[in-house]
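Asker: One structure is given below, represented as structure tokens, and several questions about it will come after.
The values are calculated or read from the model by the stated rules, or taken from the named source; none is laboratory data. Since the structure is predicted, the reported quantities are computational estimates derived from the model, not experimental observations. Methodologically, a virtual Cβ is constructed for each residue, glycine included, from the backbone with ideal geometry; neighbour enumeration extends over all protein chains shown.
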Amino acid sequence: MRDPGERRSRLAIAFSCGLAGVIALSDIGYAQDAYPSKPIRLVVTTAAGGALDLVARTIAERLSESMGQAVVIENLPAGNGSVAAGQFARATPDGYTIMMVVDSTVTINPHLYKNLQYDAFRDFAPVSVVTRVPLVLVGSPSVQANDLRELIAFAKANPGKLNYASTGIGTQLHIGMEQFKLMTSTDIVHVPYKGNTAAIADLLGGRVELALFGLSSAKPHVESGRLKAFGITSEQRSPLLPNVPTIDKAGLPNFTVYSWFGMFAPAKTPQSIVDRLAAEVQKASKDPRFAGSLTRQGMQIVASSPKDMLAAMREDSKRWGDVIKATGVTINQ
């Protein structure tokens, strides 16, 4: 027969453990209710000064103002965002480390890099697609075509004669042009650069003939007549370049390409915190200062829900995976 004293001791221990569990759960709930109670670190997967960095700093300013805590930017550029994303996958899921990425980090990289240190669908919690950017297909004045139909006809008649620039293998500017080649059955040679500046310089100098660029990069050169604009990759014309038709209407139906910039939290971040961050992004999107600073750069404000961001990830991952498989694009690792 068990000693009554021993039984009382076991009950006391069980009660203490249960009470400790309740207290721990209460502490977690309190921590979430009090969020944020300290500065938030915002990892940006590109260098300072670029389009993603602009979006990150603009949203950080609005979040800091609204949430009452500093949002500290940390730029970690390398490997099309894969280095920063790999580190972020191991971050504590408490809402105090979040990340801004270009979509290619989560929709293109997994189809190109064999040894990524992250799985975007397993390791990241989608918060919001903050903005998206349509691209413009531009050409050197030396290109013997005045509109998109003439360009496609020339490329078909002269396989391998035209080159196109991108800002690197695996970027949206690269894979978007590979889709263009697939849809037009043309052979246009890829010339990767390390950034916009060198690519635009060679395009202006006629050393490469074509490129997909963001609106803000293309606008001054198109308006000055130094580059030809064959079409914009969105469904509607842009007020920044109102005279440039959409590629869909200019001669290549159903060709649309956007680069989007999105916010993530680490996987297993409490849903209440993810929802709070998404709500703050939506709140910021209604601030004229936020919208004004980004739309004049050719960006479209999205401020999506986490659910819609996940759907965008799935759709674009399949789309670009299919293009990469069909074209055989590879990257040296």
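Asker: Given the structure, is residue 290 aromatic (Phe, Trp, Tyr) and part of a helix (DSSP H, G or I)?
Answerer: yes
Asker: Please specify each residue of the range 291-315 satisfying the condition of being surrounded by fewer than 20 Cβ atoms within 10 Å (Cβ to Cβ) and closer than 16 Å to residue 108 by Cα.
Answerer: 310, 311, 314, 315 - these are the residues of the range 291-315 that are surrounded by fewer than 20 Cβ atoms within 10 Å (Cβ to Cβ) and closer than 16 Å to residue 108 by Cα.
Results for (1) outside the structural domain of residue 51 (by TED's automatic domain parsing); (2) modelled with pLDDT under 95; (3) among the aliphatic types (A, V, I, L, M); (4) more than 20 Å from residue 59 (Cα to Cα), shown as yes or no for each residue.
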residue: 233; (1), (2), (3), (4): yes, no, no, yes
residue: 240; (1), (2), (3), (4): yes, yes, yes, yes
residue: 267; (1), (2), (3), (4): no, no, yes, yes
residue: 277; (1), (2), (3), (4): no, no, yes, no
residue: 299; (1), (2), (3), (4): no, yes, yes, no
residue: 304; (1), (2), (3), (4): no, no, no, no
residue: 312; (1), (2), (3), (4): no, no, yes, yes
residue: 332; (1), (2), (3), (4): yes, yes, no, yes
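Asker: On to the next question. Say whether the condition of being touching a His at 6+ places or on another chain (Cβ under 9 Å) and in a helix (DSSP H, G or I) is met by at least one residue in the range 202-222.
Answerer: Within the range 202-222, one or more residues are touching a His at 6+ places or on another chain (Cβ under 9 Å) and in a helix (DSSP H, G or I).
Asker: Looking only at the range 186-198, decide whether some residue is out of contact with any Lys or Arg (no Cβ under 6 Å at 6 or more places or on another chain), modelled with pLDDT of 95 or more and part of a helix (DSSP H, G or I).
Answerer: no
Asker: Pull up the range 156-172, narrow it to residues that are under 19 Å from the mean Cα position of the chain (by Cα) and free of Cβ contacts under 8 Å to residues at least 60 places away in the same chain, then point me to the one that is farthest from residue 78 (Cα to Cα).
Answerer: Here the residue is 166.
Asker: What are the residues in the range 298-329 that are touching a His at 6+ places or on another chain (Cβ under 6 Å) and small (Gly, Ala, Ser), if any?
Answerer: Result: 321, single match.
Asker: What are the pairs with Cβ atoms under 7 angstrom where one residue, in the range 81-104, is of a type in the set (Val, Ile, Thr) and the other, located anywhere, is surrounded by fewer than 19 Cβ atoms within 10 Å (Cβ to Cβ) and assigned to a strand (DSSP E or B)? Sequence gap at least six, or different chains.
Answerer: Here the result reads 97/41, each pair linking the range 81-104 to a residue that is surrounded by fewer than 19 Cβ atoms within 10 Å (Cβ to Cβ) and assigned to a strand (DSSP E or B).
Asker: Residue 95 - would you say it is at positive phi and more than 15 Å from the chain's Cα centre (by Cα)?
Answerer: Criteria met by residue 95.
Asker: Taking into account only those residues within the range 16-60 that are within 20 Å of the chain's Cα centre (by Cα) and among the hydroxyl-bearing types (Ser, Thr, Tyr), which is modelled with the lowest pLDDT?
Answerer: 46
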